[in-house]
Ligand SMILES: Cc1cc2nc3c(=O)[nH]c(=O)nc-3n(C[C@H](O)[C@H](O)[C@H](O)COP(=O)(O)OP(=O)(O)OC[C@H]3O[C@@H](n4cnc5c(N)ncnc54)[C@H](O)[C@@H]3O)c2cc1C
């Protein structure tokens, strides 16, 4: 990848390329990488630069008029090279077959593609994300090299599920971060234009063909990009905002001829179903905890959880949801104490914290011994001493056209209207998680595992919404459907009625299951890359050209900001 900075380029350039990708997060860079070394010229236009910048981040400000947002909205999306992958946790799982099906009890459900058709893309996505084998069911016991639990869950009502954690290509303790380092610097046909904010998508007068995009930097530089195909990869809220705000030529916004852009906003509402007594929770933490899978690519970490079975969802008209344990580590956790002592020895300073760590270690020899036993004899990670152990849940949302992103009357400093979020959560979400909580209690009773004390709000008929939190997984605002009256993009992710415009990311998901979105985002992005490469883009390449002559003597006019 070669890097350029709009702030340092001559003003008002017209840049022509084959493929323009807007946004350099997991979606954008996964697509770009597929073209590395081909004869297709790719320009990635990215709002951020290589370092954080509060002014750029402020372009993500929102106006909220829906369910109160619980997470700090400043850190749920990241406007920087590599996008939100700079702050994600890295938890991955694919969606279920059922998530793709049209379900009579979930209005507007059903994908235009079958889940099966994504298998090879999920495998390939796993390579970008540094994850282990594409396996998320009980075949994993064998691969973990631990014995399967003696008593199984009652699979007519509950289903055992697993997530795995992404691993950085160089640092196994971090999840994959897209951005610099994701692709070699010496790929000549992939250029990245940083500090370049797309502010308008310009179509022909009828709104049926995307002609160009307008790009602006915060220091006032402007450029126009023309490409044979342009893919929006700006995230689940921003893709819709950009299409709606591009209303100078078509007043309703680009691709919004059926008033669908921005509608069906979903997330994975997260909630605490109940909590366990931390002392007696050991047995349940042991079974529903983390596991290691060692293979030729190193160690992969998995988490075991519980979901509603498909049969039960169908029988009781419930949404897909899954629960897992979340713990808050106690201050005197002996494993944390070991880290504290190591840091103190490294600094050569005996601090009060070092004394506390030493006491924590010396007074808990059993905990240390048990951790070592797990680590070296059971091939399992150590269990931290917990202050709190909670049963946490993610639920899919019933797609609702009135849950939506529209444009605010307030503007950002580039003159773009802010996103106005009217996010809604339905009673079906509460019913689904409530049922899951009760079934887990019954099942743990049967299995002789400690039961959680369930949260009171689960039984509340009203006022329960604030117990659900947004989870930084905005979804559905440019949903996929082959019917232009039902969706914004078709099965190839092309915007209905707008030639040359494509969308990638969670905004194209018609429904979102319970699984965290990024694995699916990358898989669908790779599928789109294949479509563009083999079917849409002409085989003849175009050199990137700049109409204002050469800059700094470079033959293409592109100057690597690194070489300045
Ligand atoms: C704290 C946290 C934890 C998370 N943990 C997980 C997890 O465990 N598992 C999981 O699957 N997901 C997780 N996520 C979500 C995950 O980060 C996103 O699903 C993923 O990053 C989305 O990828 P994307 O490429 O679609 O969008 P992004 O990563 O958001 O990238 C969008 C890019 O577009 C750029 N952009 C935006 N607007 C413009 C514009 N107008 N012009 C030019 N460029 C623009 C942005 O600067 C950014 O680089 C987490 C998110 C957060 C905040």
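The values are calculated or read from the model by the stated rules, or taken from the named source; none is laboratory data. Only a predicted model underlies this, so the values are computations on that prediction, with no experimental measurement involved. Glycine also receives a Cβ, built like all others from the backbone with ideal geometry; neighbour counts cover every protein chain displayed.
Tell me whether the stretch 423-443 contains one or more residues that are at pLDDT 95 or above, under 28 Å from residue 197 (Cα atoms) and surrounded by 18 or more Cβ atoms within 10 Å (Cβ to Cβ). Walk me through how you get there before you give the answer.
Let us first name the residues in the stretch 423-443 that are at pLDDT 95 or above, namely 423-443.
If we keep only those that are under 28 Å from residue 197 (Cα atoms) too, we end up with 423.
Imposing the further condition that a residue be surrounded by 18 or more Cβ atoms within 10 Å (Cβ to Cβ) reduces the set to 423.
Yes, that holds for at least one residue.
State whether the residues of the stretch 457-468 include one that is in a helix (DSSP H, G or I), within 16 Å of the ligand (Cβ to nearest atom), over 24 Å from residue 253 (Cβ atoms) and in contact (Cβ under 8 Å) with a residue 24 or more places away in the chain. Don't jump to the end; show me each part of the working.
Keep residues of the stretch 457-468 that are in a helix (DSSP H, G or I), which gives 457-459, 465-467.
When the remaining residues are screened for being within 16 Å of the ligand (Cβ to nearest atom), the result is none.
The answer is no; no qualifying residue exists.
Inspection of the stretch 21-33 identifies at least one residue that is within 15 Å of the ligand (Cβ to nearest atom), assigned to a strand (DSSP E or B) and within 25 Å of the chain's Cα centre (by Cα). Scan the stretch 133-184 for residues that are part of a loop (DSSP other than H, G, I, E, B), without any contact (Cβ under 8 Å) to a residue 24 or more places away in the chain and over 30 Å from residue 34 (Cα atoms) and the total you get is 6.
Kindly establish whether residue 187 is within 15 Å of the ligand (Cβ to nearest atom), touching a residue at least 60 places away in the same chain (Cβ under 8 Å) and over 24 Å from the mean Cα position of the chain (by Cα). So residue 187 does not fit the description; no.
What helices (runs of 4 or more DSSP H), lying completely within the stretch 300-393, carry at least 1 residues that are more than 30 Å from residue 432 (Cβ to Cβ)?
On the way: elements: 310-316, 334-347, 352-362, 365-377.
By residue number, 334-347, 352-362, 365-377.
Assessment of the stretch 498-511 against the conditions (more than 20 Å from residue 255 (Cβ to Cβ) and either surrounded by 24 or more Cβ atoms within 10 Å (Cβ to Cβ) or more than 16 Å from the ligand (Cβ to nearest atom) (or both)) yields at least one matching residue.
Evaluate the stretch 54-61: report whether one residue or more is at pLDDT 95 or above, assigned to a strand (DSSP E or B) and more than 21 Å from the chain's Cα centre (by Cα). Reasoning before the result, please.
Going through the stretch 54-61, the residues at pLDDT 95 or above turn out to be 54-61.
So of that shortlist, the ones also assigned to a strand (DSSP E or B) come out as none.
Among the residues of the stretch 54-61, not one is at pLDDT 95 or above, assigned to a strand (DSSP E or B) and more than 21 Å from the chain's Cα centre (by Cα), which makes the answer no.
Within the stretch 448-482, the residues that satisfy the criterion of being within 17 Å of the chain's Cα centre (by Cα) and surrounded by fewer than 20 Cβ atoms within 10 Å (Cβ to Cβ) are 469, 471.
Number of residues in the stretch 66-119 that are out of contact with any helix residue (DSSP H, G or I) (no Cβ under 7 Å at 6 or more places or on another chain), part of a helix (DSSP H, G or I) and away from the ligand (no atom under 16 Å from the Cβ): the value is 3. Being farther than 30 Å from residue 158 by Cβ and over 25 Å from the mean Cα position of the chain (by Cα) is a property that residue 336 has. Does the stretch 94-115 contain any residue that is surrounded by 15 or more Cβ atoms within 10 Å (Cβ to Cβ), closer than 21 Å to residue 174 by Cβ and at pLDDT 95 or above? No; the residues of the stretch 94-115 include none that is surrounded by 15 or more Cβ atoms within 10 Å (Cβ to Cβ), closer than 21 Å to residue 174 by Cβ and at pLDDT 95 or above.
Give 129, 153 a once-over and let me know the one that is within 15 Å of the ligand (Cβ to nearest atom) and modelled with pLDDT of 95 or more. Step through it out loud before you land on a result.
Numbers: 153 fails: within 15 Å of the ligand (Cβ to nearest atom).
Going through 129, 153 in turn, the sole match is 129.
Part of a helix (DSSP H, G or I), touching a residue at least 40 places away in the same chain (Cβ under 8 Å) and within 23 Å of residue 451 (Cβ to Cβ), is that true of residue 284? The answer is yes for residue 284.
Against the test of being at pLDDT below 95, within 15 Å of the ligand (Cβ to nearest atom) and buried (at least 20 other Cβ atoms within 10 Å of the Cβ), the options 179, 235 yield a single qualifying residue, 179.
Across the stretch 185-211, what is the number of residues that are on the phi > 0 side of the Ramachandran plot and assigned to a strand (DSSP E or B)?
Taking the stretch 185-211 first, the residues on the phi > 0 side of the Ramachandran plot are 195, 207.
Filter again for assigned to a strand (DSSP E or B), leaving none.
Result for the stretch 185-211: 0.
To keep it simple, each residue is scored yes or no on (1) surrounded by 17 or more Cβ atoms within 10 Å (Cβ to Cβ); (2) in contact with a strand residue (DSSP E or B) (Cβ under 8 Å, 6 or more places away or on another chain); (3) over 22 Å from residue 39 (Cα atoms).
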{"residue": "188", "(1), (2), (3)": "no, yes, no"}
{"residue": "193", "(1), (2), (3)": "yes, yes, no"}
{"residue": "219", "(1), (2), (3)": "no, no, yes"}
{"residue": "222", "(1), (2), (3)": "no, yes, yes"}
{"residue": "231", "(1), (2), (3)": "yes, yes, no"}
{"residue": "242", "(1), (2), (3)": "yes, yes, yes"}
{"residue": "251", "(1), (2), (3)": "no, no, yes"}
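Yes or no: residue 461 farther than 21 Å from residue 513 by Cα and modelled with pLDDT under 95?
Spelling it out, residue 461 is indeed farther than 21 Å from residue 513 by Cα and modelled with pLDDT under 95.
If the requirement is being over 21 Å from residue 136 (Cα atoms) and either within 14 Å of the ligand (Cβ to nearest atom) or at pLDDT 95 or above (or both), which of these qualifies: 537, 528, 519? Spell out the reasoning first.
Numbers: 537 fails: either within 14 Å of the ligand (Cβ to nearest atom) or at pLDDT 95 or above (or both); 519 fails: over 21 Å from residue 136 (Cα atoms).
Sole residue among the options that is over 21 Å from residue 136 (Cα atoms) and either within 14 Å of the ligand (Cβ to nearest atom) or at pLDDT 95 or above (or both): 528.
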